[in-house]
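Report on the following structure.
Since every read-out is calculated from the coordinates, none of them should be taken as a lab result. As the structure is a computational prediction, the values presented were derived from the model and not from experiment. Here Cβ is always computed from backbone atoms with ideal geometry, including for glycine, and neighbour counts include all displayed protein chains.
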Amino acid sequence: MNFLTKKSGAFASLLLCVFLAACEKEMAISVGPNQPLLVVEAYINNLLPQYNYVVLSQSQDFFSSNFQSTPVSNAIVTVTEGEYNGSGGYLWNNNSTVRLQEANTDSVPASISQGLYFDQRLYSNRPAALKGIVGKAYLLNINVAGENYSAITRLVTPVDIDSLTQGFAFINDTKDTLYRITNHYHDPDTLGNAQFYFWGYSETRQSFGWGSFTKSRAPGTDDLSNGQYIQLTHPQGFYKTDTINYFMASITRDVYNFWDSYNKAKDNNGPFSTPVNLLTTVKGNNATGCFSGMALSNKRLIIR
C-alpha cells in the first residue's frame, strides 16, 4: 500500500534535498607521503625447479607519477633448507644454503630480468639446481643495501590428483564447443589443508614463470569439506585438441592467507572502500610479500 500521496511525496523529496544541501561541507583529505615497501614474491616447489625464484621490487610513493613498482637489483638472496620440529621451531642446515643470482641470461625476457633472482645452475647444471623436498622447511634471507629481511615456508605432503576429466560442454559466443575440466581428489582427514590450482595450455606458454599458468580465481581450503572426496570443475572452457598441464599445489595456511588477502586487496574499490591489509609472511622493516612453498601434484589431459 502507498502511504504517501503525490503531493506529500513531492514534499518529502524536497525536504530531503534541503536537508542534504544543509549538510554539505567541503572536506579536505590530507594524504602524506608513504614509506616505500620492499615487495617480495618468492616460490619454492618440488617438481619444477625453473619456477623456484624470487622477485624483488619497491613500491612507489602515493604521489609518484610512476604507478609501477621498481625492480630491486644487487640484493643478496639465499635459500636454506631445514627441518620443522612441529612446534614452531626450525633446525637449519647451513651447508644447504643456495645463493640466488639476478637474471643475466637470454632465457629470461629483458623486461623482467632486473629484480628476478634464481639458481644459475638451471642453465649450467640443471639436476643440481634448487628444488624443494616434501617435508622440508625453507628459509629465505634477503639483504638490500644493508637491510635484512627473511621469510620461512614449508613443503607439506601434496594431495594426489586421482584423475582429471573433461566434460560440461558449452557453446561460446563464436558458436564453438568448449569443454570444462574437473579435478577429482580426496581431501585429507585433517583440518587446515589448502590448495592452489594451476593449469597451462597453448595460450599461456609465452608468459614467464608462474605467470605462464592460469590460476584458479580463489584458492581452496578444506574448512567446509574436510575429509571429503572433491570433484572440482573449473569454469574455463577448452577446445578439442588442447593439452592441459594441470597442477594442484598444497600450501600452508599462512601462504593461503597472504594470497587470499592479496586477491581481496586487488579487488578493492578504491580509497573509500574497506581497507585490506596484506597478511605478509616477510619479516623486516617496511616489507610485504610472501615466500610460497608449494607441494605439487600433476596431471596432463588432452581434450578429445
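Numbers for the structure displayed
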{"item": "Pairwise label distance in nanometres, Ser96 with Asn298, each label 7 Å out on the Cα-Cβ vector", "result": "2.1"}
{"item": "Sorted peptide list for 146-159, 90-103, criterion being average Cβ within 10 angstrom, highest first", "result": "146-159, 90-103"}
{"item": "Prolate/oblate/rounded label for segment 93-186 (Cα gyration tensor, a/c 1.5)", "result": "prolate"}
{"item": "Separation of the Asn141 and Tyr239 label points, Cα + 7 Å toward Cβ, nm", "result": "5.1"}
{"item": "Modelled FRET efficiency - R0 45 Å, Ile76 with Asp173, Cβ distances, 0.05 increments", "result": "0.30"}
{"item": "Cα-projected label distance for Asn286 with Asn85, points at 7 Å along beta-carbon direction, nm", "result": "3.6"}
{"item": "Net charge of neighbours whose Cβ lies under 10 Å from the Cβ of Gln228, counting Lys and Arg as +1 and Asp and Glu as -1", "result": "-3"}
